[in-house]
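See structure below.
Here, each number is a calculation from the coordinates, and none is a lab measurement. Bear in mind the structure is a predicted one, so any value in this text is a computation, not a measurement. Cβ coordinates were reconstructed from backbone atoms using ideal geometry, including for glycine residues, and neighbour counts include every protein chain displayed.
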Amino acid sequence: MSMEITIGDNKLKIRNATRQDYKFCYGITKRHMKHYAIKHLGQWSPSAYRGEFDPEKVKVLTKNNKRLGYYMVTINPKNLYIDKLQISGLIRGKGVGTKLLELIERKAKKLKKKSVQLHVFTDNPSKNLYKRLGYKTIDKPKKYLLLMGKDL
Ligand SMILES: CC(C)(COP(=O)(O)OP(=O)(O)OC[C@H]1O[C@@H](n2cnc3c(N)ncnc32)[C@H](O)[C@@H]1OP(=O)(O)O)[C@@H](O)C(=O)NCCC(=O)NCCS
């Protein structure tokens with residue numbers, strides 16, 4: 001299954017992931033998140049990432065067949081949980097993240113879930129995006145980590 005979205009000049013496609021997308025997803029996540037992992041967890045763990053990655057839960061964002069981002073979502077009994085959300089620096093700040101979060105929210109509503117949730121490092125500026133979209137802090141399980149959620 002795939003769908004097209006247009007944001008400004010960008011005609012983007014969102015499609016289901018396959019095992020072949022692993023290298024891209026791992027690479028972009030490492031590029032964006034390694035420094036947070038080292039700062040807060042003491043290390044970047046390739047095996048932890050490998051253990052978490054489930055292509056069945058992943059959607060890949062492409063433009064002209066070039067991968068530009070992905071997200072991974074787990075369907076829980078009461079909520080949708082965003083495990084991962086990564087967008088290439090090439091198209092950041094243009095509203096793509098907002099659009100993907102809207103699509104996730106729409107899916108959560110369709111599945112009659114009560115909320116969308118995610119964890120974010122306290123020093124990750126992406127938390128401002130979540131706040132702008134109505135996410136609130138539900139819990140602070142560690143001093144460097146927030147659980148945020150949006151009730152639907
Ligand atoms: C978070 C992310 C998915 C947002 O995607 P995006 O396409 O840039 O999102 P939008 O254009 O819809 O919104 C941008 C907003 O994100 C926030 N933001 C995210 N990262 C930011 C950064 N490094 N510096 C400043 N603002 C940032 C800002 O609130 C910004 O709002 P603004 O446009 O009003 O300044 C993208 O920045 C990303 O992949 N970041 C690196 C990986 C990451 O941190 N993922 C989230 C893990 S919880």
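At a glance:
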read-out: In the range 26-54, residue farthest from R67 (Cα to Cα) [restricted to those that are within 12 Å of the ligand (Cβ to nearest atom) and in contact with a strand residue (DSSP E or B) (Cβ under 7 Å, 6 or more places away or on another chain)]; value: Y36
read-out: Residue in the range 72-87 that is under 12 Å from the mean Cα position of the chain (by Cα), more than 12 Å from the ligand (Cβ to nearest atom), assigned to a strand (DSSP E or B) and farther than 19 Å from T29 by Cα present; value: yes
read-out: Near pairs, Cβ below 7 angstrom, 6+ apart or cross-chain, from the range 37-56 (of a type in the set (V, I, T)) to any residue that is surrounded by 12 or more Cβ atoms within 10 Å (Cβ to Cβ); value: I38/W44
read-out: Where a residue in the range 13-33 is touching a residue at least 24 places away in the same chain (Cβ under 8 Å) and its partner, wherever it lies, is of a type in the set (A, V, I, L, M, F, W, C) and more than 16 Å from the ligand (Cβ to nearest atom), with Cβ under 7 Å and at least six apart; value: I14/M3; N16/M1
read-out: Test: T29 is farther than 22 Å from G149 by Cα, β-branched (V, I, T) and surrounded by 15 or more Cβ atoms within 10 Å (Cβ to Cβ); value: no
read-out: Leading residue by the ranking (farthest from L12 (Cα to Cα)) among those in the range 42-69 that are in a loop (DSSP other than H, G, I, E, B) and more than 14 Å from the chain's Cα centre (by Cα); value: G42
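Condition check ((1) of a type in the set (F, W, Y); (2) part of a loop (DSSP other than H, G, I, E, B); (3) within 8 Å of the ligand (Cβ to nearest atom)) across all residues:
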position: L101; (1), (2), (3): no, no, yes
position: K109; (1), (2), (3): no, no, no
position: K112; (1), (2), (3): no, yes, no
position: H119; (1), (2), (3): no, no, yes
position: D123; (1), (2), (3): no, yes, no
position: K127; (1), (2), (3): no, no, yes
position: G134; (1), (2), (3): no, yes, no
position: L146; (1), (2), (3): no, no, no
